[in-house]
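Shown next, in structure tokens, is the structure this report addresses.
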Amino acid sequence: MARAGAEATPPVPPPAPLRPFLSFRRLSGRALERARRVLDDDEGFRQRVRDAVGPEDVGEAGWLLLDRPDGWQERLAELLDGAVRQADEVGAAEQVGRLSRELARVTEERDDAVAVARKELDDGARSRKELDEERTARQALEGELDALREQLAQARQERADAVRDLKALEARAAARLDELKRAHADLAAARREVEALQGGDDASDTALPLPDTQVPTAAPGGGGPSDGAGVSASDVDRAVLARLVGRAAQAAALLSSALAEAAELVEPPAAEPVPDLPTGEPGDPGDPGDAAARAATARAAAPMARRQPVALPVGAFDDTPEAALHLLRHPGMTLAVDGYNVSLAGWPTLALSAQRRRLVDALEVLAARTGCAAVVVFDGADVGAGLPGESRPRGVQVRFTAPDVEADDELLALLDALPAERPVTLASSDRRVVDGARRRGANVVSATQLLAVLDH
């Protein structure tokens, strides 16, 4: 209204307090407060405004402020109170909504935190359980380690005792060997004396034959020959010779006893009795017989005899196919094969019968190529009905053990039965039979080495 009056013709001057705000498009709180004071102070201006508008234009509270009927202030206060309450309710609703949203967010965060805490608790419990299990396993391992340490200490002590006993036996054997040498020297000296005496007797008989070889003895009174019997020179020589031979025999017996004790200390345990092993034709492992008895008889007859392994060329590695081929080409070599140990390593997908045929065929070619004598031993528990315990197909001896005898024992008994001067190469990767073969002086090649040689 103030701006319209200023623009009217003739212009109506606006109230002075409102002039600074006539060009404003939006009024600030300060301008509104000044406009309310103008309505209170300028009755004419308030009447102009009231005449220009109606209640529908300014609302009930605005019309009460312009018209000002009786009781308008009380009614305006009521309207103001209602507006305040309504504003408070709206603000409260907004606050409730905001708080509800904040509560939902906090609740979600709490649920997430609870889930994380539960997961961490589960992880911690699982970690504690794993730690307890690891501690238990570690304690068990420490116990086993202590037991192994005790066993190692005991083994070292036993080894030291065995070495000490062996050295004592060696010293005893050396002493008795010295006695035997001295006895041999005495025996040689006695033989030379006998030969000298025999040479002297022959010369006397030739120069002056005597009717009697007795030497007369003087009588106690100093007269002629006595009636007592004389002692011949040959009887004296025989007594000396008998004494020397007795000493030599005693020394030999002492030496034999010492050597027997040393052999018992270093000799490997005897293999269990096995079925007959062959020992016969040249180049073959032999004909049927009691292998254990023959091995025991051979050891008793020659306690010092022991097979010596064939040496490899300088620079050759013992785990190569070339080393295995060198051994098999050695003159007089016997190849003893742990049948299923080799065939299962080479052809594990084939049936056992097919494995046997393939291995025997390959050994036949290898024996013809290298000149070795091949013996292959299979566990008899897997032999079908009607198969013989031993066969010689195409120059390769094939043996099957009794159902209650392992091929390992059969192979070790074979090594014991073969002559010590015959070189033997065992083909197996079984630790027990490999160690037993090495103790018996045999060369050893692995199943992998033999298969590589068979494939050439």
Report yes if VAL38 is in contact (Cβ under 8 Å) with a residue 40 or more places away in the chain, buried (at least 16 other Cβ atoms within 10 Å of the Cβ) and over 60 Å from the mean Cα position of the chain (by Cα), otherwise no.
no
Picking from SER28, SER23, the residue that is polar (S, T, N, Q) and exposed (fewer than 10 other Cβ atoms within 10 Å of the Cβ) would be SER23
Residue list for the stretch 418-435, restricted to those being out of contact with any Asp or Glu (no Cβ under 7 Å at 6 or more places or on another chain) and either outside any helix (DSSP H, G or I) or buried (at least 24 other Cβ atoms within 10 Å of the Cβ) (or both):
LEU418, PRO419, ALA420, GLU421, ARG422, PRO423, VAL424, THR425, LEU426, SER429
Considering only residues of the stretch 46-79 that are assigned to a loop (DSSP other than H, G, I, E, B) and among the charged types (D, E, K, R), which is farthest from ALA4 (Cα to Cα)?
ASP70
Does LEU344 satisfy the criteria of being assigned to a loop (DSSP other than H, G, I, E, B), surrounded by 12 or more Cβ atoms within 10 Å (Cβ to Cβ) and either assigned by TED's automatic domain parsing to the domain that holds VAL405 or modelled with pLDDT under 50 (or both)?
no
Can you say whether VAL96 is of a type in the set (Val, Ile, Thr), at pLDDT below 90 and either in contact with a Cys (Cβ under 9 Å, 6 or more places away or on another chain) or part of a helix (DSSP H, G or I) (or both), as far as the supplied structure shows?
yes
Scan the stretch 384-395 and give yes if some residue there is over 14 Å from VAL444 (Cα atoms), out of contact with any strand residue (DSSP E or B) (no Cβ under 6 Å at 6 or more places or on another chain), at pLDDT 90 or above and surrounded by fewer than 16 Cβ atoms within 10 Å (Cβ to Cβ), otherwise no.
no
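The values are calculated or read from the model by the stated rules, or taken from the named source; none is laboratory data. Small disclaimer: the values here were computed from a predicted structure and weren't measured. Cβ sites come from the backbone with ideal geometry, for glycine too, and all protein chains shown count toward neighbours.
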